[in-house]
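Below is one structure, written out as C-alpha cells, with a few remarks after it.
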Amino acid sequence: MEGRRAWELDNVDFSYNSAPCLEHISLSLDSGCFYGLLGPNGSGKSTLIDLLSGYLKPDTGAIRLQGQSLHSLKRSELATVLTVVPQRFAFNFDFNVYETVMMGRYPHIPRFSSPTQDDHLRVSESLALLDIDHLAQRSIRKLSGGETQRVMIARALVQDTDFILLDEVTANLDINHAIAIMQTMKALVDKGKTVVAALHDLNMALSFCDQVMVLDGGRLHQHGIAAEVINDELVADIYQVASEVIRVADGSVHLSFKYQ
Amino acid sequence: MNQSLDKNNSSRSSHIGSDGPGILWLFILIGVLGAAMIFSAGLGYIEISPKEIVQIIAAQLGRHLPDSIDASYPFVIMEVRLPRIFTAVLVGGGLAVAGCIFQSLLQNPLADPYTLGISSGAAFGASIAILLLIVGITLPAPLVIPSFAFAGALLTLLAVFSLAAPSTRLSSNSLILSGIIVSAILSAGISLIKFLADEQVNAIIFWLMGSFIGKDWSDVLLLAVLVMPSTVILMLFAREMDIMTFGDRTSESLGIDTGRVRRFVLIIASLSTSGCVAVSGIIGFVGLIVPHFVRMILGPSNRLLIPCSFLCGCLLLLGADTVTRVMLPTEIPIGVLTALIGGPLFCYIFRKTQLQRWR
C-alpha cells in the first residue's frame with residue numbers, strides 16, 4: 001500500500017453561506033501514512049475532515065480517493081473503505097455501548113441478516129482494545145465525555161476500513177487513553193491503513209504523526225514531515241506563543257511552551 | 001430509579017440481532033390484542049359472549065350459525081362493532097409507529113406524528129369540506145371529509161418539505177420549524193372557517209376532537225391499505241433509523257444517504273398518519289406516549305420498537321375507545337379522552353427525562 005495515493009485535492013475551495021472557509025487547498029496524501037491536521041480554532045480543520053469524508057462537497061476543485069472522484073462513489077461503497085469519527089455526536093436514545101459499537105458493522109451486514117460470530121468477535125475485541133468492555137451494557141447517555149469518545153472510536157474500528165478520519169478525538173480524553181488511542185492508530189498505520197487526525201496537541205502530532213498539514217485562516221500554511229514542520233517558529237507564527245524545541249536522548253523532539 | 005433503569009438495560013437483548021425476549025413480547029402482544037378485540041366486541045348495550053362472537057365470525061367464513069344466537073347479533077358484531085374496533089386498532093397502531101419514526105428521524109424524543117403539521121393540514125381540509133357541506137355544496141364522492149382531510153395533510157407535507165428543502169439533508173431543526181410555521185398558518189385558517197361556519201360550527205369542532213363513531217368497513221379498508229404496508233416498509237428501515245439517531249456525520253460515514261432515507265421514511269410515515277387523521281380526526285398523544293413506554297421496556301432499537309409500538313398503539317386506542325363506548329354514560333370524543341389521559345402521562349415522562357438529564 002505504501003506510496004500509493006490516498007486523497008488528492010486539486011485547488012479546493014469551500015465556503016459556508018458565501019463566507020470562505022477553505023481556500024485553494026491542494027494536497028496529495030499517501031496511503032499507509034499517519035497524517036496530523038493542525039491549526040488554531042476556526043482554521044478549517046473540521047471542514048477539511050468533512051471534505052475528505054465526502055460529507056461536504058467542495059464549491060470548486062476536485063477531491064479524489066485512490067484516483068476516483070470522491071463524489072462519484074456511492075455512500076455504501078465509500079463506507080467500506082472510509083470511516084470518520086466526528087467531533088460531536090447526537091445521543092438522544094438509550095442505546096447501550098455494545099449496540100452502538102455493533103452499528104459500525106452496518107456496512108458489512110446485508111439487510112435481513114443478523115451479525116455473525118465474526119461481527120460479535122470484532123466488537124468484543126474493539127471494546128477490549130479501547131478499555132470499555134466493562135461498559136458494554138451501559139447506556140451511551142450515561143457515559144463521561146471521554147468514554148463516549150472511546151465508544152465512537154471503537155465503532156469506527158469495527159467498520160474495518162483502509163482510511164480513517166479522526167476529528168479531535170483525543171480532546172476529551174485522559175492522557176493515558178489519548179496515548180493508547182494514538183498508539184492504536186499508529187499500529188493500524190503500520191498495517192497499511194491511512195489515518196488523518198485533526199489534533200490540537202502539537203506534541204502528540206510530533207510523537208505519532210509521519211506528516212502534518214498546518215491550516216491557518218482557511219489556507220494550507222505548511223505540509224511536510226512532522227519533525228520538520230513543527231518547531232518554535234511555527235508556534236510563534238500560528239499561535240503567537242513562545243516555545244522551545246527540546247531534543248530527548250532517544251532522538252525524539254518535543255515542544256516546551258513558555259507560559260509567561 | 002437508577003437501578004431499575006440499569007436493570008432494564010442489562011435485561012434487554014445485548015446484541016443487535018438476538019431479539020429472543022423481544023420476539024416473545026411480540027407474540028404476547030399479538031395474543032393480548034386478539035383477545036382484547038374479541039372481548040371488546042362483546043361489550044356494549046347488547047352483551048355478547050366471546051364464544052358467540054367467535055361463532056358469528058366463523059359463520060361469515062361459511063360455518064353454520066347456531067340457532068341459539070339471536071338473529072340481530074351478526075349485524076351488531078359485523079356491521080357495527082367490528083368496523084369500529086378495527087378502525088380504532090389500525091389508527092392506534094398507525095399513529096404509534098409514525099411516532100417512533102418521527103422521534104428517531106428528527107432525533108427528538110418529544111416529536112410525534114403531528115410535529116410536521118399533518119394534523120393541522122388534515123383539519124384544515126376537513127373543515128373546508130364541512131363548510132362546503134354547510135353552505136349546501138354537495139360533493140359527489142362518498143367519503144368527502146376524509147378525502148379533503150387526506151388531501152390537506154398531503155399538501156401540508158409538501159409545503160413543509162419545500163420550506164425545509166434548502167437544507168439538503170433536511171435537518172431535523174429546519175423540518176420541525178417548518179412544521180410549526182405551517183401549522184400556525186393553518187390553525188388561523190381553521191379559525192377563519194369556524195368563524196364562517198357561524199352557528200353550524202359544531203360539525204367542525206366535533207370532527208376536530210376525533211371519533212370512531214359510525215365507522216364502517218370502507219374506513220377500515222382505507223386504513224388497512226395505508227397503515228399496514230407502511231408499517232412493513234418502515235420496519236425495513238429500522239437499522240438505518242437506529243444509526244441516524246447518532247447524527248448525520250456518523251450515519252453517512254456508515255454509508256447511509258441521510259437526506260434520501262429521511263425524506264422517504266418521513267413521507268411513508270406521513271401517508272400513514274394522514275390516513276389515520278382523515279378517518280378518525282385528530283387523536284393526540286398516542287404517537288408520543290406509546291413509543292416512549294415501549295422504549296423504556298424494550299430499549300431504543302427500532303427493530304423491536306416499531307412492531308411493539310404498533311401493537312401497543314392498537315391496544316391503547318382499543319382500550320380508550322372501549323371505555324368511551326361502553327363504560328361512560330355519554331361518549332366522550334376519543335381525541336379528548338386520549339389527551340386527558342395522555343397529557344398528565346406526558347407531563348410525568350417529561351419531568352422524569354428532565355430529572356435524568358440533570359442528574
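The values are calculated or read from the model by the stated rules, or taken from the named source; none is laboratory data. As the structure is a computational prediction, the values presented were derived from the model and not from experiment. Cβ coordinates were reconstructed from backbone atoms using ideal geometry, including for glycine residues, and neighbour counts include every protein chain displayed.
Overview of results
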{"item": "Extreme residue, farthest from the other protein chains (Cβ to nearest Cβ), among residues of the stretch B:266-305 that are under 20 Å from A:Arg111 (Cα atoms) and in a loop (DSSP other than H, G, I, E, B)", "result": "B:Ser301"}
{"item": "Hey, B:Asp198 among the charged types (D, E, K, R), surrounded by fewer than 22 Cβ atoms within 10 Å (Cβ to Cβ) and under 19 Å from the mean Cα position of the chain (by Cα) or not", "result": "no"}
{"item": "Residue satisfying condition, being more than 14 Å from the chain's Cα centre (by Cα), away from every other protein chain (no Cβ under 14 Å) and not aromatic (Phe, Trp, Tyr), within set B:Leu318, B:Leu340", "result": "B:Leu340"}
{"item": "Among the candidates B:Ser251, B:Ser309, B:Ser280, B:Ser274, residue that is without any contact (Cβ under 8 Å) to a residue 12 or more places away in the chain, among the polar types (S, T, N, Q) and within 30 Å of B:Leu236 (Cα to Cα)", "result": "B:Ser251"}
{"item": "Check on A:Thr47, within 14 Å of chain B (Cβ to nearest Cβ), of a type in the set (Val, Ile, Thr) and either in contact with a helix residue (DSSP H, G or I) (Cβ under 9 Å, 6 or more places away or on another chain) or in a loop (DSSP other than H, G, I, E, B) (or both)", "result": "no"}
{"item": "Of the criteria (1) in contact with a Ser or Thr (Cβ under 9 Å, 6 or more places away or on another chain); (2) over 28 Å from A:Val158 (Cα atoms), which one A:Leu27 fails", "result": "(1)"}
{"item": "Residue satisfying all of: in the stretch B:243-265; facing another protein chain (nearest Cβ under 8 Å), of a type in the set (Gly, Ala, Ser) and over 27 Å from the mean Cα position of the chain (by Cα); farthest from A:Arg111 (Cα to Cα) among these", "result": "B:Ser253"}
{"item": "Matching residues in the stretch A:154-175 - criterion: being among the aliphatic types (A, V, I, L, M) and either in a loop (DSSP other than H, G, I, E, B) or within 12 Å of chain B (Cβ to nearest Cβ) (or both)", "result": "A:Ala156, A:Val158, A:Ile164, A:Leu165, A:Leu166, A:Val169, A:Ala171, A:Leu173"}
{"item": "Residue count for the stretch B:254-263, restricted to those that are assigned to a helix (DSSP H, G or I) and touching a residue at least 12 places away in the same chain (Cβ under 8 Å)", "result": "5"}
{"item": "Per-region count, the stretch A:186-199, residues in contact (Cβ under 8 Å) with a residue 60 or more places away in the chain and surrounded by fewer than 18 Cβ atoms within 10 Å (Cβ to Cβ)", "result": "2"}
{"item": "The stretch B:4-57, subset at pLDDT 90 or above and touching a Cys at 6+ places or on another chain (Cβ under 7 Å), residue nearest to the other protein chains (Cβ to nearest Cβ)", "result": "B:Leu26"}
{"item": "From A:Phe93, A:Phe112, A:Phe89, residue being crowded, with 21+ Cβ neighbours inside 10 Å, within 12 Å of another protein chain (Cβ to nearest Cβ), assigned to a loop (DSSP other than H, G, I, E, B) and of a type outside the set (Val, Ile, Thr)", "result": "A:Phe93"}
{"item": "Any chance A:Asn41 is part of a loop (DSSP other than H, G, I, E, B) and of a type in the set (S, T, N, Q)", "result": "yes"}
{"item": "Those residues of the stretch A:56-86 which are within 7 Å of chain B (Cβ to nearest Cβ) and part of a helix (DSSP H, G or I), in sequence order", "result": "A:Arg75, A:Ser76, A:Leu78"}
{"item": "Which listed residue, of B:Thr322, B:Thr338, is among the hydroxyl-bearing types (Ser, Thr, Tyr) and either in contact with a Phe, Trp or Tyr (Cβ under 8 Å, 6 or more places away or on another chain) or more than 14 Å from B:Leu33 (Cα to Cα) (or both)", "result": "B:Thr338"}
{"item": "Selection count, the stretch B:97-128, where residues are crowded, with 24+ Cβ neighbours inside 10 Å and either without any contact (Cβ under 8 Å) to a residue 12 or more places away in the chain or in a helix (DSSP H, G or I) (or both)", "result": "19"}
{"item": "Matching residues, the stretch A:115-153, being of a type outside the set (A, V, I, L, M) and not in a helix (DSSP H, G or I)", "result": "A:Pro115, A:Thr116, A:Asp131, A:Gln137, A:Arg138, A:Ser139, A:Ser144"}
{"item": "Hey, B:Leu221 surrounded by fewer than 20 Cβ atoms within 10 Å (Cβ to Cβ), facing chain A (nearest Cβ under 10 Å) and over 21 Å from A:Tyr55 (Cβ atoms) or not", "result": "no"}
{"item": "Subset of the stretch B:196-236 that is touching a Gly at 6+ places or on another chain (Cβ under 7 Å) and not in a helix (DSSP H, G or I) - its residue that is farthest from B:Gly152 (Cα to Cα)", "result": "B:Ser211"}
{"item": "Single match in B:Arg169, B:Arg239 (criterion: part of a helix (DSSP H, G or I), within 14 Å of chain A (Cβ to nearest Cβ), touching a residue at least 24 places away in the same chain (Cβ under 8 Å) and over 22 Å from B:Leu317 (Cβ atoms))", "result": "B:Arg239"}
{"item": "Single condition A:Tyr106 does not satisfy, out of (1) facing chain B (nearest Cβ under 8 Å); (2) surrounded by fewer than 22 Cβ atoms within 10 Å (Cβ to Cβ); (3) part of a helix (DSSP H, G or I)", "result": "(2)"}
